[in-house]
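Worksheet: the structure to be examined is printed underneath.
Quick note: the coordinates plus some simple rules give every number you see, no bench work behind them. Because the structure is a prediction, the values reported are computed rather than measured. Neighbour counts run over all protein chains shown; Cβ positions are idealised from the backbone, glycine included.
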Amino acid sequence: TLHSTGYAASLLDSVQDHVAASPGRAALLTLVYSPIVAIVLNVLRQLLWPRDRSLPPEVFHWIPIVGSAITYGNDPLGFFFKCREKYGDVFTFILFGRKVTVALGPKGNNFVLGGKSTFFSAEDAYTHLTTPVFGKDVVYDVPNDVFMEQKKFVKVGLSVDNFRAYVNMIEEEVELFMQTDSAFLTYQMNNINEWGCFDAADIMSQITILTASRTLQGKEIRDNLDKSFSDLYAALDGGFTPINFLFPNLPLASYRRRDEAHKKMSDFYVDIIRKRKGTFDDAQDMIGALRSQRYRNGRQLEDHEIAHIMIALLMAGQHTSSATGSWALLHLADNVQAQESLYKEQVEYFGNSDGTFREMSYEEMRRLPILDSVIRETLRIHPPIHSIFRYVRTDVAVSPTLSAPAEDNTYVVPKGHYVLASPAVSQVDPKIWSNPHIWEPTRWSDPEGVAAEAFKTYMDENGEKVDFGFGAVSKGTDSPYQPFGAGRHRCIGEQFAYLQLGTILATIVRKVEVRLEPGCSFPEHNYHTMITMPKKPRNIRYRRRALD
Ligand code: HEM
């Protein structure tokens, strides 16, 4: 450290000498050297300037403004674990000019996700990203209490009654896909000895959008998936990336395409809603559910509000579910024993004597221990969202160890910072889990184990529930396991995601055996996408189990 300080100081001296020696060259030199000077001053500030002890420690970085963006962006979990060693559970890093205070561990999750919305705001952190994509007057474009009402409306559509109808629809969609898509050509050729191959994430994203449209999104969307709707979706999705989060407005084609796609998609949904008016709408889908809701003041949702909530749900559910499905399938392909246990569970519960399977019911689906633990374990190691942000609206005190009540040497997280929780860290923390990076679904079957304990805390099985305005939910903010977030912004798609993923995985495993490609190692995390995806190659080989 001293060495670099000395070097930096001499560099600064020599820059000053140059400028003093010849004022005529000053302008040119300033241009050439100013980035260097900025870097040097930034480094000196961090090394020599006495740190303000009331603030959390700042992660050392070379380049001002950019800060730790590159290290964080390439491998956020690696970055967080390294910072924890150096600075403890609470520290601040610079992310393209934003000051982001990270709070790690279960207590950190509790601090950020359990914080009051008057202190920590999700809408201030996200609206520049989400409003151009979802549209006006919904989610983070409205005050928090209005959004909480909207979450309540959505929950009406996510009813057990609807779920009962969805299981068979999802199964049918997966079967149809396997019977018709070219990725499953070898399966279609009815040869049980031949292996075919597909890209895990490609097929999962298609199956996810097909099944979500058939169920939640509704018939009109499903019917248009093969046509214009998928292009619109792709263009909109291209505007929902980490770049859009970091830079709200850039004069790029992707931003223009996003805005055009939003307008067309919004019109598309509004058109569906108008056409349903005056007809007997008994659809068990989300548009049907939203049309019958009223705000507390008695007002019905306007067409564009329904449309924009539908877009928000499409975006919220698509990548999260398809990423989780891809990881689960890759792990099953890698762990043949787990795959066979899952297959046997299907045979045991649903197998007919002639080797075929009967349909699953929703109630049965929710009580399959192996299928359940496959999804839980996949979400533990590969939670789709690695960083959850909030904007700090007012100074908030926090102790360096996140203990409550705060200790004497408490930090203040100032207004204007962001806070960040990463349940992804506590979900693979070696201090909490044994062999944290090994995908081991059986860890969930030990009723006394760490996993069961974490899950109980997450579900607050014995504890009291809290109502943030969208019905009673378990608090669960201090669990080390929280792939669906916690507190007032907790996911409401959790049960739907389990239903969708469970039915998709069960249907695939009934029909084919899967393996990783020989010689290929298990894919690493790609953190450059909004949702953590498997890096390519992520191919899966498959072989038909039996002829129907
Ligand atoms: C919120 C994860 C599927 C709708 C969240 C949050 C997480 C999450 C971590 C909290 C975000 C925050 O606190 O800022 C997941 C995972 C999924 C999944 C892992 C699948 C495996 C879905 C689906 C839907 C959905 C299928 C819709 C049907 C929502 C909504 C919120 C949310 C509406 C609330 C956002 C808020 O209150 O700010 N989800 N999600 N999610 N999710 Fe999900």
Per residue convex hull volume, Cα only, the range 184-228, in Å³ is 98
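Over the chain, calculate the relative contact order: mean separation of alpha carbon pairs under 8 Å at least 6 apart, over the residue count, as a percent.
Numbers: 852 pairs, mean separation 124.6, N = 548.
Relative contact order, the chain: 23 percent.
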Summing -39500 (n - 2.57) over every DSSP H run of at least 4 residues in the chain and dividing by its residue count gives a helix-only mean residue ellipticity at 222 nm, to the nearest 500 deg cm²/dmol, of -16500 deg cm²/dmol
Work out the P(r) tail for the range 59-208: percent of alpha carbon pairs separated by more than 28 Å, whole number.
54
How large is ³J(HN,Hα), in whole Hz, for each residue of the range 331-340 in order, when computed from phi with the Karplus curve 6.51 cos²θ - 1.76 cosθ + 1.60 and θ = phi - 60°, using x for Gly and Pro?
5, 5, 5, 7, 10, 5, 5, 4, 5, 5
DSSP beta bridge pairing in the chain, given as percent antiparallel to the nearest 5:
85
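Ranking request for peptides 360-367, 391-398, 500-507, 538-545: highest mean number of other beta-carbon atoms within 10 Å first, then the rest in descending order.
Per-residue Cβ counts within 10 Å, averaged per peptide and sorted highest first, yield 500-507, 538-545, 391-398, 360-367.
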Give the separation of the Cα centroids, the range 272-330 to the range 54-71, in Å.
40
Output for the range 292-361: trypsin sites (Lys or Arg not before Pro) sitting in coil per DSSP, at most 12 other Cβ within 10 Å, listed by number, reads Arg296, Arg299, Arg358
Find the Rg to Rh ratio for the range 434-491, where Rh is the Kirkwood radius over alpha-carbon pairs and Rg uses the same atoms.
1.03
Using alpha carbon centroids, what distance separates the range 495-547 and the range 416-476, in Å?
24
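Rounded to two decimal places and with Rh computed the Kirkwood way over Cα pairs, what is Rg over Rh for the range 363-501?
Numbers: Rg = 16.6 Å, Rh = 16.7 Å.
Using only Cα positions, Rg/Rh for the range 363-501 is 1.00.
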Average projected area of the Cα convex hull of the chain, in nm²?
30.2
Do you know the relative contact order of the range 286-360, to the nearest whole percent, from alpha carbon pairs under 8 angstrom that are 6+ apart?
13
How many percent of all Cα-Cα pairs in the range 373-423 sit more than 11 Å apart?
74
